[in-house]
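Remarks on the structure that follows.
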């Protein structure tokens, strides 16, 4: 396989020492001792060495110095062979280095005379003192000898981090920078730390972490005011001004940038000077001061041309193009756009600049009425936006970018829909690719390759293995802490372990993103723009995405029929619909969290809720008080009709309404925006009355976390529900476990193995490089709602199994997780949909059945509602053992339970969902009861 690792990680790591490097260090020590012995003997001898010998000694001294820089690290003294390494670190290495130079000085004296040796020594001392003074000024401290040896290579990480950031690889850049900033040799020098902090603040600003950016910019400015460095202070103030600009605090931004110009004066870095002029132009555009905006933009254009700051030149020209287009001067706008494009090409600008440029092109084309070219420009912008999201890694950075650019993407989508409504079929291709880019990830290729047992080891592998081990240790060690009795003397470090573990989950996500996304980027299939070709025969595909348009909810989506016809739709929510969907979005997008809207969670819940079970299979204490629960617990069916009208296209609703719930029904694959993942799609009402009103009655439902899961579907899974089965049942309602255990025994007989302990379960799932021998694994445990790789199942009171830990396991084709929130995914906008089901699907499972919300457990005031989950699952086991495809079996089991309970609220029966592509669902004949 071609090595597509980020270039950043081809640098030597500064915190990893293998056995080979220790051996090389030992050989180096012996060689230096030999050279030292030769030097001493030469000095004590009667005959001075020859010129050739002198040169050889000089080369050897320089070679050993270079090798020391590459091999020696202070952390060596804390790892293995501690006594020897500590002695080498504290005494032998500096003494040996100094002795070599003293010996060379003596040899110079013997060879060339005292005058040459003294003059040369004085010159070297002068150069050394000047260098130390400059280094003290640059670092904020007096560098020690061993730190001087390391600083160059460590600062190379910082420089390489900046290069990676310019390429859009902020995840890799942050990783490199963290390694440098956390090294003991760097942390002792405040000026270096503040320099790195300013870089970190600049990236935090771009990624939307404004609190971190403001704190670090202000700290750096305060330090630099006390330790005069006008250039650096100007840079810190410029960064703070950029932050205020991003927060639309225009008066503060203008004041800080003006102060930066005054403080730095002629010592201001040229790039900061032109950026300030550009930023002042942007401020003037935002405050409708067009004349001043043009003046500042022209000044930025002139200075950037003069100093070769081509990226800022392109930015300034884009601003001038926008002003010209708004003023009705399209030819002038075209001239500026062409100049901007040439400037970006000259500077090899990154995707951030090109994204803004194509956005400006789209705006200019729209002003001119050229919608065709405007859509082309918007598509280029969205493609680059997708690349930038990938480079930034996961989590909040992507959420910020999605929020910032969401308005522009929605503008493009609306323009495309307007053309589609006028009969332009090419708009469908545009809308298809936009949705494809928003929901496609490389997770299938990313995670199926494995982590801890990967033969293609690289420089990230030790960190991955260490973090997985740390997480496993934490998850196994909770039991001793939780079982300790109050008042005992046993130290309780569970909270500390929890903090360490959370940090490990976050770092692991970053490493997985960096390592695998880049490694598989060259082999991952490109987005085709036509997902219909990947849909299993006879299935409908529904993609849906939510936009927050200044507080209004907009749903855009694409319905692809079994014959490949693509139908886009765009719905703007009413206040009532927005209120309903708001109650399922946790956390809600900005602007969607306000209370007081008609139909909100303040609606009264009918008496059915009082008859529900009071126990749930989840590690949560506030479920029954949540708006999510109150929606699901009510029997007011009209809300589900409202939600269906918002989320489903009318044509699909018509097909579903005409289907016979007791006969053949369509198979529907749903790929929702992560924000929409918690919406209970199964209970959308496609009819207004009758017991069979829900989407789960009129269709077989499968959920897909990502379109990528369609690309690598196993072609032959005919026997996935047959063969050996295993079950791990623990720590939920005892009567419920009994019901499930009896059903498993009845369905599978002697072929089912009941695993008694977490260790037995993990032993079955160890990744041994082959497919799991099991065909079915059933887990009945508690779950939590932690995001991403921290998403976990509680195997016992004290042992957890997280999505992170699952990266090193192998799962059977069918995984049934009867646990609350086990079908949960990371829902922040713009993020990869990580969670337990995603990892399982990428680590061997073809279908995962899991809980979308806390599953009811135990007895209820109404006996008909007792043990709802256990009863549904008991029906499910019988169907699966008979060879019924999982998604069909789940639908039948839920409908069988509801037959005698037609008024049961969705919270009792709609929690279990099927994730994955069930290719065994027959085309045109689908799962009648």
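For the stretch 618-683, the helices (runs of 4 or more DSSP H) that sit wholly inside it and include 1 or more residues that are farther than 15 Å from residue 577 by Cβ and within 36 Å of the chain's Cα centre (by Cα) are 627-633, 650-658. Annotation note: of 517, 590, 576, the sole residue that is surrounded by 18 or more Cβ atoms within 10 Å (Cβ to Cβ) and either at pLDDT below 50 or more than 19 Å from the chain's Cα centre (by Cα) (or both) is 517. Check the stretch 795-806 and report whether any residue there is crowded, with 24+ Cβ neighbours inside 10 Å, over 25 Å from residue 438 (Cβ atoms) and modelled with pLDDT of 90 or more. Scanning the stretch 795-806, I find no residue that is crowded, with 24+ Cβ neighbours inside 10 Å, over 25 Å from residue 438 (Cβ atoms) and modelled with pLDDT of 90 or more, so the answer is no. Scanning the stretch 202-214 for residues that are in a helix (DSSP H, G or I), in contact with a helix residue (DSSP H, G or I) (Cβ under 8 Å, 6 or more places away or on another chain) and either surrounded by fewer than 22 Cβ atoms within 10 Å (Cβ to Cβ) or in contact (Cβ under 8 Å) with a residue 40 or more places away in the chain (or both) yields 202, 203, 205, 206, 207, 210, 212, 214.
So which residues in the stretch 305-319 are in a helix (DSSP H, G or I) and farther than 13 Å from residue 279 by Cβ? Listed by number, the residues that qualify are 305, 306, 307, 310, 311, 313, 314, 317, 318. Of all residues in the stretch 892-911, which are part of a helix (DSSP H, G or I) and under 35 Å from the mean Cα position of the chain (by Cα)? Once the filter is applied, which keeps residues that are part of a helix (DSSP H, G or I) and under 35 Å from the mean Cα position of the chain (by Cα), the stretch 892-911 yields 894, 906, 907, 908, 909.
Look at the stretch 905-928: where a residue is more than 13 Å from residue 890 (Cα to Cα) and a partner is at pLDDT below 65 and part of a loop (DSSP other than H, G, I, E, B), sitting 6+ places away or on another chain with Cβ atoms under 6 Å, you get 917/713; 919/713. For the stretch 543-587, a residue qualifies if it is farther than 23 Å from residue 629 by Cα and part of a loop (DSSP other than H, G, I, E, B), and the qualifying residues are 550, 551, 561, 562, 563, 564, 565. Could you check, for the stretch 704-724, whether at least one of its residues is assigned to a strand (DSSP E or B) and either under 22 Å from residue 877 (Cα atoms) or modelled with pLDDT of 90 or more (or both)? No; the residues of the stretch 704-724 include none that is assigned to a strand (DSSP E or B) and either under 22 Å from residue 877 (Cα atoms) or modelled with pLDDT of 90 or more (or both). Summed over the stretch 747-761, residues that are assigned to a helix (DSSP H, G or I), over 10 Å from residue 725 (Cα atoms) and touching a strand residue (DSSP E or B) at 6+ places or on another chain (Cβ under 7 Å) total 1.
Evaluating residue 654 against the criteria (1) modelled with pLDDT of 70 or more; (2) touching a helix residue (DSSP H, G or I) at 6+ places or on another chain (Cβ under 8 Å) leaves one unmet condition, (2).
The values are calculated or read from the model by the stated rules, or taken from the named source; none is laboratory data. Remember, it's a predicted structure, so these values are computed and weren't measured experimentally. All Cβ positions, glycine included, derive from the backbone under ideal geometry; neighbour counts span all protein chains shown.
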